[in-house]
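Values quoted throughout were computed directly from the atomic coordinates according to the rules given, and no laboratory measurement underlies them. These numbers were taken from a predicted model, which means no experiment stands behind them. Note that each Cβ is placed from the backbone with ideal geometry, even for glycine, and that neighbours are counted across all protein chains shown.
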């Protein structure tokens, strides 16, 4: 595990509900989250040292859409600001690394995305190899279908296992006011549904969602000054596998394994894991790659199968974990974010309470 | 709430990419009806790569024909094709290990819409499209028994550039404040939003005051004057990029309407030359007749006061406002 120059904690967080359709602009969606976290820490906006956002112009359907999002973060007079064309969890990563320099105290992090106006399958197919994959529209759902088929072929999972992930996620989401889908589903009924992307059915795939999330992170002294119950980011790391799905063992996630090692995942108890399970088979792969057993509560929030605003959904996993730790549901846990198709890139963030 | 059009537009970009020493021959081969792999030690990689995927060492271009038959080693069935898929009816995507290759190509398999025809281990064969452009989409696959004999006429020059037109279709209702603004234009009114914090009036409103980070709603809306002052202008000489519809030079200006704090940008002037424009000039909107007004060019991101609602902007003849007084609004 990498030793840190600076201890960093989450001191405030906010998220929108996962909307099937948010009928206003992305900045209008982000702004209440930003205002909430600034109010929670009781700071003047311009005393926050660094601001960073994660979003995707292809999802917004507008070149430089991320610039418009700056409307939401209070950027006038000008602030020290950056952006990643990735999920907000990677904005958190950059903010965390920035704090390691020790010269600033606070970072405002946000992530946002509206999937409802466009087609995420068409937009995200442009993440793939531009010569051999993108021109045939190779989309994330198709790649998830390959991953599911590979698991079945290897005898590592069945369609019933996928349905059990779906049923448990929806049941867990019943207590989550931010969830878009929730309820009691029977595994047999799920298996009776038609295929959407054989061997996947509609609820093995995420709903179409719009949403945003924001948080403030701070160096240790400042964190204690700003709140009574900081949630400590003990480690964060991200790794990536090949962008050629045919060169990967799709039944495993080597990048998640490496990240788990780098963050020292099992150096302490893992009470809770909030995982970016965008397609149900991914939970099976991640449980195995992260070495999670019955001691860990996986996706008590319901996870992305019950609400998946791309570009906010990974940061939201960190928030759900931080909230659970603040609520005393666990003392230590891991949040996971994913980028690229079929768990190609994986970020892990270990959080611990102040106890 | 007025009922107006929904937003429906497709953002397109034609991407052109150089192909390099390995992908170039591969795409040339597809255009000419052949599939090529790249030698990598004892193996053949298809799709071909410029580097050894295990060691990342550079590979000298060394291409060898593979296929046209192959074996499906993984597959998934697309019940609802996207607009960017090779087929508009349900089809299979598969990992295809072509005969003679050691890695697999991801591609589409057309079984006539029948998922039952797909299986791991099935034999497939390449089929080439009648129109080929030096793209991976020049080829697709069918079950071996369904393959037709094809005679492919090779092209002339090697493929050194591959073109890919990307497109993102956006469909959504107009946001409520955009719909009210657009309806205002149909009614011959310019609607702005007054910040409840600073009192500044923004036209068109964005649904929030970004200076004060506060959301704004219908109760913050005000009708503003259709007389204002030119704060900036330029002459546009249309570059003939993809999608350009303009051919002749024209004037585009920004007008600060009386009583507002933000100019409306992108107002096009067709009946004055750039030499006749001045910063500080007072202008009035001459609306089209109500039945001739249209706001279909307004979407949620673009479109302020489109030419489809006004006949022209004409100088009022009032004295100019000194440019110095407009510095805050020069955009």
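For chain B, the longest principal axis of the alpha carbon atoms and the long axis of helix B:20-31 meet at an angle near 80°. Counting other beta carbons within 10 Å of each residue's own, what order do A:76, A:90 fall into, fewest first? The most exposed by this proxy come first: A:76, A:90. Computed on chain B, the Cα convex hull volume stands at 230 Å³ per residue.
Explain nothing, just the number: relative contact order of region B:174-329, from Cα pairs under 8 Å at least 6 residues apart, as a whole percent. This gives 22 percent for region B:174-329. In terms of surrounding Cβ atoms within a 10 Å radius of their Cβ, B:102, B:107, B:85 rank from fewest to most as B:102, B:85, B:107.
Residues B:310, B:9, arranged from fewest to most other Cβ atoms within 10 angstrom of their Cβ, appear as B:9, B:310. Computed from the Cα positions only, the extents of the protein assembly as shown along the three principal axes stand at 83, 72, 49 Å, in decreasing order.
Debye calculation, C-alpha points only, no solvent: report log10 I(q)/I(0) for region B:20-159 at q = 0.13, 0.20 Å⁻¹, in the same order as the q values. After summing over all Cα pairs, the log10 values are -0.56, -1.20.
In the protein assembly as shown, the DSSP beta bridges split such that about 90 percent are antiparallel, to the nearest 5.
Helix A:26-41 versus the longest principal axis of chain A: what angle, 0 to 90°, nearest 10, using Cα atoms? Roughly 50 degrees between the two axes.
Highest mean packing comes first when the peptides A:313-319, B:127-133, A:207-213 are listed by Cβ atoms within 10 Å, giving A:313-319, A:207-213, B:127-133. Counting every C-alpha pair in region B:174-329, the share spaced more than 21 angstrom apart comes to 47%. Averaged over peptide B:294-300, the number of partner chain Cβ atoms lying within 10 Å of each residue's Cβ comes to 1.
Projecting the alpha carbon convex hull of chain A along each direction and taking the average yields 16.7 nm².
Within chain A, antiparallel bridges make up roughly 75 percent of the DSSP beta bridges whose residues both belong there.
Relative contact order of chain A, taken over Cα pairs closer than 8 Å and 6 or more residues apart, is 26 percent.
Relative to the longest principal axis of the Cα atoms of chain A, helix A:88-100 runs at roughly 40 degrees. For region B:20-159, relative contact order (Cα pairs under 8 Å, six or more residues apart, normalised by length) works out to 25 percent.
Across peptide B:134-145, the average count of Cβ atoms from other chains found within 10 Å of a residue's Cβ is 2. Beta bridges assigned by DSSP with both partners in region B:20-159 are antiparallel in approximately 95 percent of cases. Taking every residue in A:124-135 and counting other chain Cβ atoms within 10 Å of its Cβ, the average works out to 6. Per-residue ellipticity at 222 nm from helix content only, as computed over the protein assembly as shown with -39500 (n - 2.57) for each DSSP H run of at least four residues, stands at -6000 deg cm²/dmol.
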